1. Could you tell me the ratio Rg/Rh of region 107-220? Both radii from Cα atoms, Rh via Kirkwood.
2. Stretched out fully, how many nm does the piece from residue 65 to residue 312 gain, at 0.36 nm a residue minus the Cα gap?
3. Residues in region 100-123, backbone N under 13 Å from the label point at residue 172 (7 Å along the Cα-to-beta-carbon vector): list them, ranges by number please.
4. Determine the shape class of region 261-349: with a ≥ b ≥ c the square roots of the Cα gyration tensor eigenvalues, call it rounded for a/c under 1.5, and otherwise prolate if a/b is greater than b/c, oblate otherwise.
5. Among 130, 166, 215, what is the fewest-to-most ranking by other Cβ atoms within 10 Å?
6. Of 24, 134, how do they rank once you tally other Cβ atoms within 10 Å and put the fewest first?
7. Can you sort 170, 274, 129 by how many other beta carbons sit within 10 Å, fewest first?
8. State the Cα centre-to-centre distance between region 176-219 and region 145-170 in whole Å.
């Protein structure tokens with residue numbers, strides 16, 4: 001019996017359909033076309049260059065045209081990856097692999113067009129790690145969970161569909177994640193990424209989504225900070241001089257003049273009232289009242305009306321307690337009963 005053993009060195013010449021040229025992402029496993037070395041894409045550089053890691057911690061710059069992405073089919077046939085299983089601690093192999101190169105970065109959020117009105121949101125793990133994660137959306141301090149679980153290596157999940165017309169109301173996405181492998185390793189730092197998209201940058205950010213291999217608006221969630229820390233020289237003499245310099249007092253900034261009537265209904269103050277307790281709502285309403293009342297005094301207004309509604313009277317009573325005995329208040333009374341009933345208070349300012 002004659003066994004045929006494929007020559008892996010020639011795969012790049014024989015099976016060109018297995019590779020995708022010039023469409024590469026961080027975390028992709030690639031092979032140099034002029035040799036047998038394989039590596040992981042760690043950075044996308046300018047001028048058609050990539051940075052790839054070919055050994056543990058050793059990286060080299062290469063031209064995009066000098067490498068090819070190793071297809072998933074080839075990895076499965078010639079280098080099958082064992083399925084990770086949760087086993088007792090004593091069964092874990094404590095020997096560190098000496099030649100294994102891991103894709104340590106390559107976690108993405110992708111928005112793939114469904115049609116001209118709708119996008120599907122996906123999370124992509126192009127690394128060799130399990131990624132336990134949580135994704136939420138909202139505005140501080142109130143967030144709503146969208147998805148949670150474990151992103152397996154080289155997989156993706158769909159989160160939801162979003163409408164383009166609601167772009168400004170998408171809120172801030174917060175992605176939190178850890179790295180996990182059944183082996184002893186140098187543990188990467190956890191990921192905490194906040195994304196508040198802007199129209200002028202979101203729709204210009206187009207790229208092929210890894211794993212899914214579809215056109216998308218693609219955003220890396222585990223990118224290294226590209227801003228280098230600024231180095232500076234400490235000069236004690238100048239610091240001492242500055243400490244004793246007479247600093248001109250900053251001019252007082254007058255707060256903006258408020259409207260004659262301020263609506264304190266919670267739905268007018270926040271879109272996240274659904275996630276707030278009664279105490280949190282009251283705190284927000286009262287802080288808004290105090291800020292606007294002080295602004296009215298600072299701007300020399302004669303009067304201002306606060307619309308608090310009738311409800312159970314808690315907000316109304318709290319406002320009246322703050323106004324009672326205030327040296328800047330001439331008097332306060334129920335305002336425009338024919339319009340608000342007992343749901344508004346007019347304050348006459350001295």
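Each reported figure results from applying straightforward, stated rules to the coordinates on display, with no laboratory input. What you are looking at is a predicted structure, and each value in this text was computed from that prediction instead of being measured. FYI the Cβ positions are ideal-geometry reconstructions off the backbone, even for glycines, and counts take in every protein chain you see.
1. 0.97
2. Using 0.36 nm per residue and subtracting the Cα-Cα distance, I get 81.9 nm.
3. Under cut-off, by backbone N: nothing.
4. Prolate shape, in that a/c is at least 1.5 and a/b is the bigger ratio.
5. 166, 215, 130
6. Lowest to highest Cβ neighbour count: 134, 24.
7. Neighbour counts put them in this order, fewest first: 274, 170, 129.
8. Computed from Cα coordinates, the inter-centre distance equals 11 Å.
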